[in-house]
1. Along the three principal axes, how long is segment 233-290 when you take its alpha carbons, biggest first, rounded to the nearest angstrom?
2. Among Ser32, Gly75, Gln90, which residue has its Cα positioned farthest towards the positive end of the charge dipole of segment 1-100, with +1 placed on the Cβ of Lys and Arg, -1 on the Cβ of Asp and Glu, and the dipole taken about the Cα centre?
3. If you place +1 on the Cβ of every Lys and Arg, -1 on the Cβ of every Asp and Glu, and leave all else neutral, what size is the dipole of segment 233-290 about its Cα centre, to the nearest 20 Debye?
4. How much of the DSSP bridge set in the chain is antiparallel, in percent, rounded to the nearest 5?
5. At q = 0.30 Å⁻¹, what base-10 log of I(q)/I(0) does the Debye formula yield for segment 22-78 when every alpha carbon is treated as an equal point scatterer in vacuo?
6. Run the dipole for the chain about the Cα centre, Lys and Arg Cβ at +1, Asp and Glu Cβ at -1, nothing else charged, and hand back the magnitude in debye, nearest 20.
7. Do you know the relative contact order of the chain, to the nearest whole percent, from alpha carbon pairs under 8 angstrom that are 6+ apart?
8. Under the rule of -39500 (n - 2.57) per DSSP H run of 4 or more residues, summed and divided by the residues of the chain, what mean residue ellipticity at 222 nm is obtained, to the nearest 500 deg cm²/dmol?
Amino acid sequence: MSDLALRAVDLRKTYVSKGAPPVEALAGVSLSVARGDRVALLGRNGAGKTTFLRIASTLLRPSSGTIEVFDTDVGRQPAKVRPYIAIVPQEGKPFFHLTPREQVYTYLRARGLGRETAKARTEASLERMGLTEFADRLSITLSGGQRQRTMVATVIATEAPLLFLDEPTIGMDPFARRAVWASLRELTRRGSTIVLTTHYLDEADALSQRLHIIEHGRLLVSGTAEDLKRSVGGTLKVHLPEGAYAVDRFRGLGACVIDGAALTVIVGPERLGQVTETAVAAGLTATVGPVTLEEAFLRAVGRSIDED
Ligand SMILES: Nc1ncnc2c1ncn2[C@@H]1O[C@H](COP(=O)(O)OP(=O)(O)OP(=O)(O)O)[C@@H](O)[C@H]1O
Ligand SMILES: [Mg+2]
């Protein structure tokens, strides 16, 4: 098998629906994912992340370009690709009339696993996702977070060589999120490859070895979390919630990012004193913290990930 789990070349997708203008969801994305990597796709709502995952997982055909999974062309040989992949779709739900135990087990059996393996993997996966207590209740009676955990448990249990997870931890409490992170790390230790999307930048930072920021269907930036943070141009941020109007006073001191009424100034430690003095002189309140992926994202995309 090749060293690449996935390779997309100039992938494009335009959605065409009757009576509506066409939507260019992917405008030429090329990216590769090495075997055994954990990779996150980041981007604002509508950036094209789900479209990319749907194409990669054989659910949707691209308008042009190619995508290969373990050297097999996804568009030409989808049936050959499917045994190698598993996906947690965005807003997917477990079958309401199945219990989590039935759902995971049935899915594994449908993928061709033997009874004993399927049973053992089902139990391990339910346990890992903290679902043992709810394992025999119909999914329709479960809470939103419990349903999402069932979806993740189902896909984790496959131990497929390539896993796609579209916002896997949405709606999960902090304990469940950490259980997902631990499971995904364990899977890559054992040779699987993970491609996920998330809007939680702390999750992307904690979990992924490589990040790709997508905006308007184009790849903007790729690199490690450290690469992205370094690109911000300083290690500290001074956040001034009401500072945007006074941006001119700060321009010479560091990189300035305006977000509504707020201003964030990115500096190295040597300029910190000057920036806080300037803030005090202007009567502005300020908080100081380390640069995070949030600033890297703001800088790359030009706006905050939460902002519409
Ligand atoms: N079936 C469809 N028909 C028409 N347009 C679509 C369809 N699916 C998605 N789009 C459009 O394609 C673009 C990309 O959507 P996509 O779902 O890939 O974004 P995303 O990055 O996953 O966003 P989010 O973070 O909100 O999940 C959006 O403008 C969206 O409105
Ligand atoms: Mg999406």
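1. 24, 21, 19
2. Gln90
3. With Lys and Arg at +1 and Asp and Glu at -1, about 80 debye.
4. Approximately 65 percent, going by the DSSP bridge assignments.
5. For the requested q values the scattering log ratios are -1.49.
6. 1080 debye
7. Computed over the chain, the figure is 18 percent.
8. Calculated at 222 nm, the ellipticity per residue is -9500 deg cm²/dmol.
Every read-out reported here was derived from the displayed coordinates using simple, explicitly stated rules and does not represent laboratory data. All figures in this text were calculated on a predicted structure; none of them were measured in a lab. Cβ coordinates were reconstructed from backbone atoms using ideal geometry, including for glycine residues, and neighbour counts include every protein chain displayed.
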